[in-house]
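A.B. asks: One structure, as structure tokens, below. Some questions next.
The values are calculated or read from the model by the stated rules, or taken from the named source; none is laboratory data. Just so you know, these numbers come straight off a predicted model, no measurement behind them. All Cβ positions, glycine included, derive from the backbone under ideal geometry; neighbour counts span all protein chains shown.
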Amino acid sequence: MADLRSQISENIQAPSSKLQALTRLRVAIVCDWLAGTGGAERVVLEMHRIFPEAPIYTSQYDRDPKIWYGDRWFEDADVRTGWLQALPKSIKKFLPVLRAWYFSRLKLDDYDLVISISGAEAKYVKPKGLHISYCHSPTHYYWLRYNEYLERPGFGVLSPLAKIGLKLLVGPMRRWDYKAAQRPDYFIANSKHIKSEIKKYYGRDSEVVYPPVDIERFAPFSQPAAKRHSFVTAGRQTPYKRIDLAVEAATAENVPLVVIGNGPEHRRLKHLAGRNVTFLTRVGDHQIAEYFGSAKAFIYPTNIEDFGITGVEAMAAGTPVVAFKAGGPAEYVTPTAGILFDEQTVDSLRKALAEGEHKSFNHQKIQELASRFSAKNFRQNANQVIKQLIKMGKKETTNG
């Protein structure tokens, strides 16, 4: 690593405003998959902008332009997939074991630095060079949300089979996941909450670099208080998102609510909803920004969100956030930016909504609070932390 440290020394002296990539290093980026314009993919995109010459290794890359909303995020990137790419997208949920096997055998010996960006199996890689893992979360289906996945796997008619598989595999897969988490030389966590979860489940320390949010997309749509109407919530309609709380609370309070998104819970949510709740399943990026910017508040009832990019997107549109008091949102939903409710119950959320109806918010101030999560700030912070970790060098011993 002496040569690696000497290579980095000149770059550390470079002006931070230029965000010069570490061009003398052979760098590779590894991620779980590329399947849409979600928060995980945005982290990969911004890391690609820091290291534009680094190839991106992933298990599956969905090149359908429809899912990228025409933005072509990785058009100029060298995205490399393997045999998992040939498998149909419809069985992606069944692939954790295969992904673990695939990444653990990926040949990355030619790189000085490997950055895995993972909430699942990408961290399983075993490069000879320095390995820094940007962690969205310890793998949900083995640790934080195991009971939720077991209760409602979200596989439709195949859910009973998925439950059996999860019960049989969780023991050995937890051991494999823990062992793999000892491989990276360093961890970067996407929030203080995830920093504590990495320590809890993997016994590893980490630095915190908050993920990038597309602030510029939402900022122009902020409306003055007089033009704001209804509440809004958005996200994939899965059990742990707890959108049912938003639907039931809005129905009980008889306040207008717009629910944006789709998923396995969609039918149940519509059954719970009153006439004051509107469901929108096909909404483009521009329309989402408009709905966020014209809402009285964004309801974020998720069961302990890792970070919660959608909440920051709402704030970027000047909209206060009503969120469950746990996980990532508790780190950025200040009294200026919204309201936190204490219990994940309909009654607790109803009280928060009633409080919000009588509270005046400074929408410009909310936007200012959101700006610290911009893509530019992410690149600056990530670049700085990565340089520091490279300067520290590869650990003498890593397990696994």
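A.B. asks: Would you point out which residue out of Ala162, Ala122 is at pLDDT 65 or above and closer than 20 Å to Asp32 by Cβ? Outline the logic, then answer.
C.D. replies: Values: Ala162 fails: at pLDDT 65 or above.
Just one listed residue meets the conditions, Ala122.
This table checks each residue for (1) modelled with pLDDT of 80 or more; (2) assigned to a loop (DSSP other than H, G, I, E, B); (3) under 21 Å from Gln388 (Cβ atoms); (4) not aromatic (Phe, Trp, Tyr).
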{"site": "Leu4", "(1), (2), (3), (4)": "no, no, yes, yes"}
{"site": "Asn11", "(1), (2), (3), (4)": "no, no, yes, yes"}
{"site": "Leu25", "(1), (2), (3), (4)": "yes, yes, yes, yes"}
{"site": "Ile29", "(1), (2), (3), (4)": "yes, no, yes, yes"}
{"site": "Gly36", "(1), (2), (3), (4)": "no, yes, no, yes"}
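A.B. asks: Against the definition (out of contact with any helix residue (DSSP H, G or I) (no Cβ under 9 Å at 6 or more places or on another chain) and either closer than 17 Å to Val232 by Cβ or free of Cβ contacts under 8 Å to residues at least 24 places away in the same chain (or both)), how does Glu355 come out, yes or no? Reasoning before the result, please.
C.D. replies: Values: out of contact with any helix residue (DSSP H, G or I) (no Cβ under 9 Å at 6 or more places or on another chain): yes; either closer than 17 Å to Val232 by Cβ or free of Cβ contacts under 8 Å to residues at least 24 places away in the same chain (or both): yes.
Here the answer is yes, as Glu355 does meet what is asked.
A.B. asks: Could we say that Arg236 is of a type in the set (Lys, Arg) and not in a helix (DSSP H, G or I) here? Before you say what the answer is, go through the steps one by one.
C.D. replies: Details: of a type in the set (Lys, Arg): yes; not in a helix (DSSP H, G or I): yes.
It is true that Arg236 is of a type in the set (Lys, Arg) and not in a helix (DSSP H, G or I).
A.B. asks: Out of the stretch 304-347, which residues are over 16 Å from the mean Cα position of the chain (by Cα), among the β-branched types (Val, Ile, Thr) and under 20 Å from Ser371 (Cα atoms)?
C.D. replies: Thr319, Val321, Val322, Val333, Thr334, Thr336, Ile339, listed by residue number.
A.B. asks: Additional query: If I filter the stretch 363-385 for residues that are out of contact with any helix residue (DSSP H, G or I) (no Cβ under 7 Å at 6 or more places or on another chain), without any contact (Cβ under 8 Å) to a residue 60 or more places away in the chain and of a type in the set (A, V, I, L, M), do I get at least one hit?
C.D. replies: For the stretch 363-385, residues out of contact with any helix residue (DSSP H, G or I) (no Cβ under 7 Å at 6 or more places or on another chain), without any contact (Cβ under 8 Å) to a residue 60 or more places away in the chain and of a type in the set (A, V, I, L, M): absent.
A.B. asks: Can you name the condition, by its number, that Gly318 falls short on among (1) modelled with pLDDT under 95; (2) of a type in the set (Gly, Ala, Ser); (3) touching a helix residue (DSSP H, G or I) at 6+ places or on another chain (Cβ under 9 Å)?
C.D. replies: Unmet condition: (1).
A.B. asks: When you scan the stretch 242-276, how many residues do you find that are out of contact with any strand residue (DSSP E or B) (no Cβ under 9 Å at 6 or more places or on another chain) and of a type in the set (Lys, Arg)?
C.D. replies: Within the stretch 242-276, residues that are out of contact with any strand residue (DSSP E or B) (no Cβ under 9 Å at 6 or more places or on another chain) and of a type in the set (Lys, Arg) number 3.
A.B. asks: Filter the stretch 201-215 down to residues that are in contact (Cβ under 8 Å) with a residue 24 or more places away in the chain and not in a loop (DSSP other than H, G, I, E, B), then give me how many there are.
C.D. replies: Selection size over the stretch 201-215: 6.
A.B. asks: Hey, can you tell me all the residues within the stretch 172-197 that are assigned to a helix (DSSP H, G or I), touching an Asp or Glu at 6+ places or on another chain (Cβ under 8 Å) and aliphatic (A, V, I, L, M)?
C.D. replies: Selection gives Ala180, Ile194.
A.B. asks: Is there a residue being within 27 Å of Val30 (Cβ to Cβ) and in a loop (DSSP other than H, G, I, E, B) anywhere in the stretch 254-269? Step through it out loud before you land on a result.
C.D. replies: Narrowing the stretch 254-269 to residues within 27 Å of Val30 (Cβ to Cβ): none.
No: the stretch 254-269 contains no residue that is within 27 Å of Val30 (Cβ to Cβ) and in a loop (DSSP other than H, G, I, E, B).
A.B. asks: Hey, another quick one. Can you name the number of the only condition in (1) modelled with pLDDT of 90 or more; (2) of a type in the set (S, T, N, Q); (3) not in a loop (DSSP other than H, G, I, E, B) that Ser90 fails?
C.D. replies: Ser90 satisfies all of (1) modelled with pLDDT of 90 or more; (2) of a type in the set (S, T, N, Q); (3) not in a loop (DSSP other than H, G, I, E, B) except (1).
A.B. asks: If you don't mind, there's one more thing I want to ask. Please determine, by comparing only the residues of the stretch 228-276 that are small (Gly, Ala, Ser) and surrounded by fewer than 17 Cβ atoms within 10 Å (Cβ to Cβ), which one is modelled with the lowest pLDDT.
C.D. replies: Taking the candidates together, the pick is Gly263.
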